[in-house]
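Trainee: Below: one structure in C-alpha cells.
The values are calculated or read from the model by the stated rules, or taken from the named source; none is laboratory data. Please read these numbers as outputs of a predicted model, since none were measured by experiment. Note: ideal-geometry Cβ built from the backbone for every residue, glycine included; neighbour counts use all protein chains shown.
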Amino acid sequence: MKTESSFFHLILFGALAALPTNAGPSTAAAKHSPAPEGMVWIPGGEFSMGSSVEAEAICGSPGVTRDAQPVHRVYVDGFWMDKTEVTNEQFEKFVKATKYITVAERTPTAAEFPGAPPENLVAGSVVFTPPDHPVPLDNFYQWWSYVKGANWRHPLGPDSDLKGKENYPVVQIAYEDAAAYAKWAGKRLPTEAEWEFAARGGLEGKLYWWGNDLKPGGKWMANIFEGHFPDKDTGEDGFAGIAPVAQFPTNGYGLYDMAGNVWEWCSDWYRPDYYAQLARVGGVARNPQGPPSSFDPSEPTQPKRVMRGGSFLCTDQYCTRYMVGTRGKGEISTGSNHLGFRCVRSAATTATASTQK
C-alpha cells in the first residue's frame, strides 16, 4: 500500500529527561542573554529519544512506528526555540520583505514531473477534503485532493483566504519554504533530536509531552481529531480543523502546540533505520544531525525530511503521532494544509549577536 506521502507527491499525475549537563561557554552566555523575541530557552541535556510504542496500523502503513525504535540515548546542546509555530502574520512579513514565492505558488514543469499531462501541470497543493459519509480507511485518496490554487495564502484553495487568521500557523509550506524563512529570520530549522528534547519539556519517557493520560482530568491538551475519521471532526477539543497558535497549555519549557494542530518540519533527512544505526554505535549520540541522505523503502526515489508533532487530523482511529516519541516524514517539495514549522536559534549565534550589540 502506498503511504500518504506518495500521494502528496504523485497526485499531480492523477489530478494533476532531560538530564542537565555542564554548559559550554556559548550555551551559558546565550542562557543569560535576553531572549530573542518570541523564543524560549531550551536548556539542553541528555534524554531517551524515540518511542517504545509499536503500532501495526498507523496512518495506513503497517508497523510505521517502528521507525521510532529503538529508544536510544541522545544529548543536545542548549538552544532557543520559537514558542509557537510560525504564523501567517510572521510569514507574510517575510514574503513582503523578500518577494519570496513558495513552492505551491510555482507552476510545476515537465522536467520536474516527466510524463505528467500538460493540463495537470498547475500550481497548487494538497488539501484535506473529508467525505460526507464514513469510508474505509484503506484509501486516503478519499480524503486528500490536489487543489489548483491552494497555497499559504489560500490554504484550502482559491476560495479560501487568511482573513482573521493572522495568528494561525502558516501551512502549505514545503521544506525549502520553511528553510528560506528560517534563514531570513536569522534562525534555522530544528534537528529531530532538538525537536523531541524540546517537546518533552523535561519529562522523561512519557507517551505525550504532558504525561501518559491523553485527557488528564478530562481536559484536552492538544488540537487533534475527535469524532469519526475522516468524515466528522466534532471539535470536542474546541476546534474542528486547524486552530490559532497557543490555544492549549505550554509544556515544561514554555512551548505551545508540540502535539497536534500542524506537523512541523525538522532538518533531518528521513530514514526508518536511523535510530537503529545510532543504537548500534552505542553510547550517547551527541547533537545528531540525521543521516547523510534520505531513504524510504516504500518510495526509494522520493527525498524526504522528518516531520514531528502530528496535526489536527491525528486520531487513535488512524494516526496517533501526537505521541511525543513518534516520527513523521514528508516529501520535501510538498506542502499540505496540516503542515507548518517553527524555528530554532543556536546558542552560539545568539551569544555572538548579543556581544555585538
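Yes or no, residue by residue, for (1) small (Gly, Ala, Ser); (2) over 20 Å from ARG106 (Cα atoms); (3) in contact with a strand residue (DSSP E or B) (Cβ under 6 Å, 6 or more places away or on another chain); (4) not in a helix (DSSP H, G or I):
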position: HIS133; (1), (2), (3), (4): no, yes, no, yes
position: PRO136; (1), (2), (3), (4): no, yes, no, yes
position: SER145; (1), (2), (3), (4): yes, no, yes, yes
position: PRO155; (1), (2), (3), (4): no, no, no, yes
position: PRO158; (1), (2), (3), (4): no, no, no, yes
position: LEU162; (1), (2), (3), (4): no, no, no, yes
position: GLU166; (1), (2), (3), (4): no, yes, no, yes
position: ALA180; (1), (2), (3), (4): yes, no, no, no
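Trainee: Continuing with this model, one more query. Which residue pairs have Cβ atoms under 6 Å apart, sit 6 or more places apart or on different chains, and have a first residue in segment 188-215 that is at negative phi and a second that is among the acidic types (Asp, Glu)?
Mentor: THR191/ASP268; GLU192/ASP268
Trainee: I would also like to ask the following. Of all residues being at pLDDT 85 or above and under 18 Å from ASP177 (Cα atoms) in segment 110-127, which is surrounded by the most Cβ atoms within 10 Å (Cβ to Cβ)? Just the residue, please.
Mentor: It comes out as SER125.
Trainee: I would also like to ask the following. Among the numbered conditions (1) out of contact with any His (no Cβ under 8 Å at 6 or more places or on another chain); (2) over 21 Å from ASN88 (Cβ atoms), tell me where ASP177 comes up short.
Mentor: (2)
Trainee: Looking at the structure I just gave you, is ARG286 buried (at least 20 other Cβ atoms within 10 Å of the Cβ) and within 25 Å of MET39 (Cα to Cα)? Steps first, answer last, please.
Mentor: Numbers: buried (at least 20 other Cβ atoms within 10 Å of the Cβ): no; within 25 Å of MET39 (Cα to Cα): yes.
No: the conditions fail for ARG286.
Trainee: Can you tell me which residues in segment 180-218 are under 27 Å from LYS93 (Cα atoms) and either of a type in the set (Lys, Arg) or in contact with a His (Cβ under 9 Å, 6 or more places away or on another chain) (or both)?
Mentor: LYS183, LYS187, ARG188
Trainee: Name the single residue that is surrounded by the most Cβ atoms within 10 Å (Cβ to Cβ) among those in segment 313-357 being in a loop (DSSP other than H, G, I, E, B) and at pLDDT below 90.
Mentor: ARG321
Trainee: While we're looking at this one, here's another question. Outside any strand (DSSP E or B), touching a strand residue (DSSP E or B) at 6+ places or on another chain (Cβ under 8 Å) and closer than 25 Å to ARG153 by Cα, is that true of GLY310?
Mentor: Details: outside any strand (DSSP E or B): yes; touching a strand residue (DSSP E or B) at 6+ places or on another chain (Cβ under 8 Å): yes; closer than 25 Å to ARG153 by Cα: yes.
Yes.
Trainee: Next question. So is TYR168 under 20 Å from the mean Cα position of the chain (by Cα), surrounded by fewer than 22 Cβ atoms within 10 Å (Cβ to Cβ), within 30 Å of VAL95 (Cβ to Cβ) and not aliphatic (A, V, I, L, M) or not? Working first, answer last.
Mentor: Working: under 20 Å from the mean Cα position of the chain (by Cα): yes; surrounded by fewer than 22 Cβ atoms within 10 Å (Cβ to Cβ): yes; within 30 Å of VAL95 (Cβ to Cβ): yes; not aliphatic (A, V, I, L, M): yes.
For TYR168, the condition - under 20 Å from the mean Cα position of the chain (by Cα), surrounded by fewer than 22 Cβ atoms within 10 Å (Cβ to Cβ), within 30 Å of VAL95 (Cβ to Cβ) and not aliphatic (A, V, I, L, M) - is met.
Trainee: Could you tell me whether segment 292-307 includes any residue that is modelled with pLDDT of 95 or more, at positive phi, within 19 Å of the chain's Cα centre (by Cα) and not acidic (Asp, Glu)?
Mentor: no
Trainee: Would you say THR102 is modelled with pLDDT of 90 or more, under 27 Å from ARG188 (Cβ atoms), of a type in the set (Ser, Thr, Tyr) and in contact with a helix residue (DSSP H, G or I) (Cβ under 8 Å, 6 or more places away or on another chain)?
Mentor: Considered against the rule, which asks whether it is modelled with pLDDT of 90 or more, under 27 Å from ARG188 (Cβ atoms), of a type in the set (Ser, Thr, Tyr) and in contact with a helix residue (DSSP H, G or I) (Cβ under 8 Å, 6 or more places away or on another chain), THR102 comes out as yes.
Trainee: Mind telling me which of the residues LYS93, LYS83 ends up being surrounded by fewer than 21 Cβ atoms within 10 Å (Cβ to Cβ), farther than 19 Å from GLU204 by Cα, modelled with pLDDT of 95 or more and in contact with a strand residue (DSSP E or B) (Cβ under 9 Å, 6 or more places away or on another chain)?
Mentor: Values: LYS93 fails: in contact with a strand residue (DSSP E or B) (Cβ under 9 Å, 6 or more places away or on another chain).
Testing whether each residue is surrounded by fewer than 21 Cβ atoms within 10 Å (Cβ to Cβ), farther than 19 Å from GLU204 by Cα, modelled with pLDDT of 95 or more and in contact with a strand residue (DSSP E or B) (Cβ under 9 Å, 6 or more places away or on another chain) leaves just LYS83.
Trainee: Can you work out which of the residues in segment 51-80 that are over 21 Å from LEU203 (Cβ atoms) and within 18 Å of the chain's Cα centre (by Cα) is modelled with the highest pLDDT?
Mentor: ASP67
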